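Written below as structure tokens is the structure these notes are about.
The values are calculated or read from the model by the stated rules, or taken from the named source; none is laboratory data. Being a predicted model, the structure only gives us computed values, none of them experimental. Note that we place each Cβ from the backbone using ideal geometry, even for glycine, and neighbour counts take in every protein chain shown.
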Amino acid sequence: MKDLLNYMYSHGKLSYAQAKEVLLEITEEKYDPMQVSSFLTVFNMRPIIAEELDGFRAALMEKCIRVNLENVDCLDIVGTGGDSKDTFNISTLSAVVMAGAGVKVAKHGNNSVSSKCGSSNVLKYLGYTFSKDEDDIKRHIDKHNLCFFHAPYFHPVMKSVVPIRKALKVKTFFNMLGPLVNPAQPTYSFLGVYNSSIGRLYQTILKKQNRKFAVVYNLDGYDEISLTDHFSIRTQTTTTTIGPEDLLLPKYKASDLWGGDSIADSAKIFMNVLNNTSTTAQKDVVLANAGFGIQMYKGNINLQEAIDIARESIESGSALTNFKNLVN
């Protein structure tokens, strides 16, 4: 590792094969935690390149406990995290709303590392029991259109890195990897990133995999559609920039999306949205993200129709009932 660190400190770049090899060695605990910490911080001082990120992704997928959903067309909606915005759990709520509208969602998530409340934190608080049993997972997505992959269950090799990430308390390239390593590798991916350069990397990597995807970056730094500014959407063939007005929705302030000071605060907002008692801003942001996911999944409707479907999922109580049945 000493030679590698010196190479990286001299602005050296890794090939796909080198990146894959070093991350495999890190997961096999071949290096001292201090060396691993130094390696992680290199990528906060200079941009990661596509070959490096793709190599890291390949290493985690090689070690991953994979889940075969038997050719079920499903969608993941997840952000990198690391945007330091402390929003409520928008992508997780969007997954629940989409499931209530009939979309099969295989959601990948984790406990919080750099924010107050991750998707796994809020789901556990609300009574959801995570499972790594493939039969449980298939039953959840069959009966409720929704399953959650709690990342530590499916990426156990990451256990040794968790204390290092928690001690650093800053985003690392592992934030970038989360959305790329869903154990089911679903048909559709609606992914959020915290800066535009990562969006370009995702686009490059996902195009190589021939995946159906959309990568969103809100221009003021959110890793999801926040309705606080314009946002870019990258797909297999296009890159477009649109704003809240194009969704016929208002523009909101950052304070409108604050997730509170605790997991309990985030959970309260979560249930308020599903009970249709949230603020208009909280509901609209979920509608925007769920709407894009629904449009991607269904394919033959326009965005306004998709947002209306998401709205009906909330206002009819379908999303709430489905989530309660899933938890119980």
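Considering only residues in the stretch 182-222 that are under 10 Å from the mean Cα position of the chain (by Cα) and part of a loop (DSSP other than H, G, I, E, B), the one that is farthest from VAL42 (Cα to Cα) turns out to be ASN182. Report, by residue number, each residue of the stretch 110-128 that is in contact with a helix residue (DSSP H, G or I) (Cβ under 8 Å, 6 or more places away or on another chain) and without any contact (Cβ under 8 Å) to a residue 60 or more places away in the chain. Of everything in the stretch 110-128, those that are in contact with a helix residue (DSSP H, G or I) (Cβ under 8 Å, 6 or more places away or on another chain) and without any contact (Cβ under 8 Å) to a residue 60 or more places away in the chain turn out to be ASN111, SER112, SER119, SER120, LEU123. For the residues SER91, SER84, SER112, the requirement of being more than 16 Å from CYS147 (Cβ to Cβ), under 14 Å from the mean Cα position of the chain (by Cα) and either of a type in the set (S, T, N, Q) or not in a loop (DSSP other than H, G, I, E, B) (or both) singles out SER112.
The single residue among LYS159, LYS166, LYS132 that is in contact with a Phe, Trp or Tyr (Cβ under 6 Å, 6 or more places away or on another chain) and either assigned by TED's automatic domain parsing to the domain that holds ASN322 or at pLDDT below 95 (or both) turns out to be LYS132. When the stretch 226-245 is filtered for residues that are modelled with pLDDT of 95 or more, of a type outside the set (Val, Ile, Thr) and loosely packed, with under 13 Cβ neighbours inside 10 Å, only GLU245 remains. Among the criteria (1) more than 21 Å from LEU168 (Cα to Cα); (2) surrounded by fewer than 19 Cβ atoms within 10 Å (Cβ to Cβ); (3) among the aliphatic types (A, V, I, L, M), the one LEU5 does not fulfil is (1).
A quick yes/no check of all residues on (1) over 30 Å from THR228 (Cα atoms); (2) out of contact with any Ser or Thr (no Cβ under 9 Å at 6 or more places or on another chain); (3) at pLDDT below 95:
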position	(1), (2), (3)
VAL42	yes, yes, yes
ASP54	yes, no, no
ALA59	yes, no, no
ASP76	no, no, no
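Take the stretch 36-52 and flag every residue that is surrounded by 15 or more Cβ atoms within 10 Å (Cβ to Cβ) and assigned to a helix (DSSP H, G or I). Scanning the stretch 36-52 gives VAL36, SER37, SER38, PHE39, LEU40, VAL42, ALA50, GLU51, GLU52.
When you go through PRO179, PRO183 one by one, which is the residue that is in the same structural domain as SER84 (by TED's automatic domain parsing) and in contact with an Asp or Glu (Cβ under 8 Å, 6 or more places away or on another chain)? Give the steps one after another, and end with the answer.
Working: PRO183 fails: in contact with an Asp or Glu (Cβ under 8 Å, 6 or more places away or on another chain).
Matching residue, one of PRO179, PRO183: PRO179.
A count restricted to the stretch 192-236 and to residues that are within 22 Å of ILE307 (Cβ to Cβ) and of a type in the set (Lys, Arg) stands at 2. When ILE301, ILE225, ILE233, ILE269 are checked against the criterion of being assigned by TED's automatic domain parsing to the domain that holds ASN145, among the aliphatic types (A, V, I, L, M) and in a helix (DSSP H, G or I), ILE269 stands alone in meeting it.
Filter the stretch 60-81 down to the residues that are of a type outside the set (A, V, I, L, M) and part of a helix (DSSP H, G or I), then identify the one that is surrounded by the most Cβ atoms within 10 Å (Cβ to Cβ). Of everything passing the filter in the stretch 60-81, LYS63 is surrounded by the most Cβ atoms within 10 Å (Cβ to Cβ).
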